[in-house]
1. Stokes-Einstein diffusion coefficient for the range 101-167 at 4 °C in a medium of 1.567 mPa s, Rh from the Kirkwood formula over Cα pairs: what value in µm²/s?
2. Report the one residue of Leu100, Val144, Ser131 whose Cα lies farthest in the direction of the positive end of the charge dipole of the range 99-207 (charges on C-beta: Lys and Arg +1, Asp and Glu -1; origin at the Cα centre).
3. Count charges around Tyr155 for me, please; just the other residues with Cβ under 15 Å from its Cβ, Lys/Arg as +1, Asp/Glu as -1.
4. Could you give the angle, 0 to 90 degrees to the nearest 10, between helix 189-209's Cα long axis and the longest principal axis of the Cα atoms of the chain?
5. Taking the Cα centre as origin and putting +1 on Lys and Arg beta-carbons and -1 on Asp and Glu beta-carbons, what dipole magnitude results for the chain, to the nearest 20 debye?
6. Considering only protein heavy atoms and a 1.4 Å probe, what is the carbon-and-sulfur percentage of the accessible area of the chain?
7. If packing is taken as the mean number of other Cβ atoms within 10 Å per residue, what is the order of 80-86, 119-125, highest first?
8. What is the angle, in °, between the Cα long axis of helix 160-175 and the longest principal axis of the Cα atoms in the chain? Nearest 10 is fine, range 0 to 90.
Amino acid sequence: MATRTDALTRREQILKEAARLFAERGFHGVGVDEIGAAVGISGPGLYRHFAGKDAMLAELLVGISGQLLTGAKRRLAEADGAAARASGGGAAGRDPEAVLDSLIEGHIDFALDDRPLITLHDRELDRLRDSDRKLVRQLQRQYVELWVSVLREVYPGLAEPAARSAVHSVFGLLNSTPHLGRPGSLPGRAATAELLHRMARGAFGAAATG
C-alpha cells in the first residue's frame with residue numbers, strides 16, 4: 001500500500017514531468033497519457049493525484065511563486081537571526097548587502113534549476129483561472145516588495161519607484177537564463193551563477209547612481 005510520502009513523491013514526479021513537457025511543447029500540445037508515460041503510470045492514473053492538466057498548471061505556477069516568496073522570507077529571517085546572535089541578542093541590524101546577495105543567489109538558483117517553470121510562466125500564465133492567476137500576481141507582488149525593501153536598505157537614496165523598476169529589470173535578466181542557449185551550452189553552473197550575480201549587482205548599482 002502506498003504511503004503518504006510515496007504519494008507526495010509521485011505528485012512531485014508528475015509535476016516535474018508536466019512542467020518539462022508543457023515548456024517543450026506547449027500546454028495544449030501535451031496529453032495526459034504522455035505525462036503519465038513520463039512517470040510510468042497510465043494517463044487515467046494521474047487523476048488520482050490531479051483533477052486534470054489545468055490543476056497541474058495551477059499548482060506549478062502558484063507553487064513556484066509561493067516557494068520564491070517563502071524562500072526570500074526565510075533568507076531575511078536567517079539574516080535577522082544571525083545579526084541578533086552576533087550582537088548577543090541586541091538591536092544590531094542585519095547586513096543589507098549580505099541579504100541582497102542572498103536574495104540574488106536564491107533567485108539564480110531558481111533561474112538555473114527551474115528553467116521549464118520560467119518558460120511555462122511566460123507562455124501559459126493566462127491559461128490559469130482568474131482566481132489562480134490573481135494569486136500568482138499577489139505572491140509575485142509580495143516577492144517584489146520584499147526585494148525593494150532590501151534594495152533601499154542597501155541604497156537609501158534610491159526612490160521606491162526606481163527600486164521597483166530595478167528589481168523587475170533584474171528579474172528579467174535572471175529569468176532570461178533559459179533563453180540564453182540549450183542546456184549544456186552555457187558555462188558551468190558555478191560560473192554562470194557567478195556571472196549572473198555580478199550582472200545583477202551591477203544593474204542595481206547602476207540604478208542607484210543613474
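1. 96 µm²/s
2. Ser131
3. Details: positive: Arg152, Arg164, Arg201; negative: Asp95, Glu97, Asp101, Glu153, Glu160.
Cβ neighbours under 15 Å give a net charge of -2.
4. Between helix and principal axis, roughly 50 degrees.
5. Roughly 200 debye for the chain.
6. Values: 5990 of 11200 Å².
For the chain, the apolar C and S fraction of the accessible surface comes to 53 percent.
7. Taking the mean over residues of other Cβ atoms within 10 Å, the ranking is 119-125, 80-86.
8. That works out to roughly 50 degrees.
The values are calculated or read from the model by the stated rules, or taken from the named source; none is laboratory data. Small disclaimer: the values here were computed from a predicted structure and weren't measured. Here the Cβ is made from the backbone with ideal geometry for all residues, glycine too, and neighbour counts use every protein chain on show. What goes into the accessible areas is simple: the full protein's heavy atoms, side chains included, and nothing from ligands, DNA or RNA. Shrake-Rupley method; radii C 1.70, N 1.55, O 1.52, S 1.80 Å.
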